[in-house]
Amino acid sequence: MNIYDVRYLAEADEKTIERQEITSTDLMERAATEAFKEIISRLEPGPVPIKVFAGIGNNGGDGLVIARLLLGEGYNVEVFIVDYSRNRSKDFLINYNKLKELGRPWPVSIKSEDEIPEIAETDIVIDAIFGIGLNRPAEGWVASLISKINLSSALVIAIDMPSGLFADKMPKTGHDIIKAHLTLTFQSPKLVFYLPQTGSYAGEVEVLDIGLDQDFLSSLPVRAKLIDHIQILDMYRPRDKFSHKGTYGHSLIIGGSYGKIGSISLTARAALRSGAGMVSIYAPSCGYEILQTVLPEAMVIMDEGDKEIMNIKYDLKPEVVCFGMGAGTSGTTTGAFRNLLEGIKFPMVIDADGLNMLSKNKEFLKLLPPQSVLTPHPRELQRLIGDWEDDLDKLDKAMEFLNKYSLVMVLKDAHTIILSGNEMYINDTGNPGMATAGAGDVLAGVITAFISQGYSPLEAAIIGTWLHGRAGDLAANELSYEGMIAGDITNYIGKAILELFKNDEDSS
Ligand SMILES: NC(=O)C1=CN([C@@H]2O[C@H](COP(=O)(O)OP(=O)(O)OC[C@H]3O[C@@H](n4cnc5c(N)ncnc54)[C@H](O)[C@@H]3O)[C@@H](O)[C@H]2O)[C@H](O)CC1
Ligand SMILES: [K+]
């Protein structure tokens, strides 16, 4: 699903109105009706008190339409106009009058702090104060209202955007922003819903198709793509009946040190479970018996070092090399990594201590084969690219870095972001149960396996990240967030792949 800059969405509204020969009021009715349908699909009809807070722009206009439709269905609705300015939009006014014509209790206008109503924890709050038109932080009594809604423990449903959240820039500390449980957003998800700094304001995000002109949308530059099931299915290549293990490539997993042999076994096992034809592990010799015992499907090659890698030598021809898990960052292992980099001409996957070695030895970066995949978590990223001001600045700096060295970056986080060239892919699978030791080692193995099967490094990063998250979700369903461990993610990769071929109803 495409994510666009919001300035283009406003243009898309205008183009839609022109090309579909409708009015802006019709479009607002359409958008708000979609939101209304989604809201009632989640509510029991009846006396549940719903408080709609409507601003005076078009987001407020949406709120008024939703209120009118809810009243029409017999819901118990109170409408509060958040009267922060005299510049009421045309469609706000049209819908304000329509609401008044209903003859139900008059919308209450709030113009100051002492007019803010009590909000009970049993209320449902519909937040239609500001949408994508927010251009400065909420201030004064409007900020107090937002803070009061947040403190109320009521269920909060934000329309289009949580009010107070900018669609295209990061908030500063102290800004008051609605913390929604659910955000019903129109046509395109907004990038800020997926960034660590701002994502928690949106809560669960539901994207509502409001029928904006598809031709115009497809002519727009895409800011990012939210990876979905369909995209993964499109990328997936069925296996040929007459294939053999060589068809799916040989993955070489290099890493481990005394006390950290488990990491490479996790990576190698995940690679085998994700379709790699053959997997060899290269490790210090202290790992030999452990690896042969825990993973009979893998071959094991020993380094001359007992407790750490000293000098990487192998005589096989892997399709892909994954380096770094549990390797440590000693001078000897760093030297071995440098020699490895000098000899490899095809894309690699670099994780964990491999990333730390790159951070400490920036001259290694130009030795990386183009299109290598780097999989940093936030601290590893910070060591690689330095400090950033906020999440948007982080993305800009990461883009600059990866383009300098022609890399693919997998920025691991609650929503992992994959960057390549000027493209950005946001992952929407996974859960907090995956914040557990070794989950990253598993991801490196899944991505490695897809490269070894002939997927491009970018495709492998996208499909691998998505499947890893989906497998984590399946594991959590059975085991709970707390009860799952990294190896469980690997155990569910097969099911996550099978699930790709079920239709939506079957898989829920
Ligand atoms: N794009 C769509 O898919 C559709 C969107 N719709 C809704 O329209 C809003 C955007 O409406 P707009 O009138 O442009 O802006 P807002 O309602 O978000 O804000 C109103 C107005 O308030 C002023 N303002 C901004 N910041 C502040 C502030 N901190 N304090 C006071 N006043 C402020 C500013 O001048 C704004 O213009 C979109 O989100 C959707 O909900 C349509 O329904 C159609 C489809
Ligand atoms: K809103």
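I need a count of the residues in the stretch 306-329 that are hydroxyl-bearing (Ser, Thr, Tyr), touching a residue at least 60 places away in the same chain (Cβ under 8 Å) and either over 24 Å from residue 278 (Cα atoms) or surrounded by 24 or more Cβ atoms within 10 Å (Cβ to Cβ) (or both). Please lay out each step first, then the result.
Filtering the stretch 306-329 down to residues hydroxyl-bearing (Ser, Thr, Tyr) leaves 314, 329.
Then drop every residue that is not touching a residue at least 60 places away in the same chain (Cβ under 8 Å), which leaves 314.
Next, only the ones that are either over 24 Å from residue 278 (Cα atoms) or surrounded by 24 or more Cβ atoms within 10 Å (Cβ to Cβ) (or both) stay: none.
The qualifying residues number 0.
Cβ-Cβ under 9 Å, sequence separation 6+ or interchain: first residue in the stretch 8-20 and over 15 Å from residue 133 (Cα atoms), partner within 16 Å of ligand 2 (Cβ to nearest atom). Which pairs?
From the stretch 8-20, the pairs are 16/210.
Among the residues of the stretch 18-28, is there at least one that is closer than 19 Å to residue 98 by Cα, within 14 Å of ligand 1 (Cβ to nearest atom) and in a loop (DSSP other than H, G, I, E, B)?
Within the stretch 18-28, the subset closer than 19 Å to residue 98 by Cα is 22-28.
In the following step, the residues that additionally are within 14 Å of ligand 1 (Cβ to nearest atom) were identified as 22-28.
Then keep just the ones that are in a loop (DSSP other than H, G, I, E, B); that gives 22-23.
Yes, because at least one residue in the stretch 18-28 is closer than 19 Å to residue 98 by Cα, within 14 Å of ligand 1 (Cβ to nearest atom) and in a loop (DSSP other than H, G, I, E, B).
Pairs, please: C-beta under 6 Å, at least 6 apart or cross-chain, first residue without any contact (Cβ under 8 Å) to a residue 24 or more places away in the chain and under 25 Å from residue 38 (Cβ atoms) and in the stretch 126-150, second aliphatic (A, V, I, L, M) and within 6 Å of ligand 1 (Cβ to nearest atom)?
Short answer, once both residue conditions are applied: none.
Kindly provide the set of residues from the stretch 155-210 that are touching a Phe, Trp or Tyr at 6+ places or on another chain (Cβ under 9 Å) and acidic (Asp, Glu), ordered by number.
160, 209
Looking only at the stretch 177-196, which residues are in contact (Cβ under 8 Å) with a residue 60 or more places away in the chain and either away from ligand 1 (no atom under 14 Å from the Cβ) or surrounded by fewer than 19 Cβ atoms within 10 Å (Cβ to Cβ) (or both)?
182, 191, 194, 195, 196
Please specify each residue of the stretch 114-129 satisfying the condition of being in a loop (DSSP other than H, G, I, E, B) and aliphatic (A, V, I, L, M).
Correct list: 116, 119, 120, 129.
Picking from 203, 199, 164, 174, which residue would you name as being assigned by TED's automatic domain parsing to the domain that holds residue 116, on the phi > 0 side of the Ramachandran plot and away from ligand 1 (no atom under 14 Å from the Cβ)? Explain how you work it out, then say what you get.
On the way: 199 fails: on the phi > 0 side of the Ramachandran plot; 164 fails: away from ligand 1 (no atom under 14 Å from the Cβ); 174 fails: away from ligand 1 (no atom under 14 Å from the Cβ).
Being assigned by TED's automatic domain parsing to the domain that holds residue 116, on the phi > 0 side of the Ramachandran plot and away from ligand 1 (no atom under 14 Å from the Cβ) holds for just one of 203, 199, 164, 174, which is 203.
So, in the stretch 364-401, exactly how many residues are under 21 Å from the mean Cα position of the chain (by Cα), farther than 19 Å from residue 196 by Cβ and of a type in the set (A, V, I, L, M, F, W, C)?
Matching residues across the stretch 364-401 total 1.
So which of 374, 381, 402 is over 19 Å from residue 460 (Cα atoms) and of a type in the set (A, V, I, L, M)?
Numbers: 374 fails: over 19 Å from residue 460 (Cα atoms); 402 fails: over 19 Å from residue 460 (Cα atoms).
Just a single option satisfies the conditions, and that option is 381.
Please list, ordered by residue number, the strands (runs of 3 or more DSSP E) wholly in the stretch 403-494 having 3 or more residues that are in contact (Cβ under 8 Å) with a residue 60 or more places away in the chain.
Working: elements: 408-411, 417-420, 423-426.
Those strands (runs of 3 or more DSSP E) span 423-426.
The values are calculated or read from the model by the stated rules, or taken from the named source; none is laboratory data. What you see is a predicted model; the values in this text were computed from it and never measured. All Cβ positions, glycine included, derive from the backbone under ideal geometry; neighbour counts span all protein chains shown.
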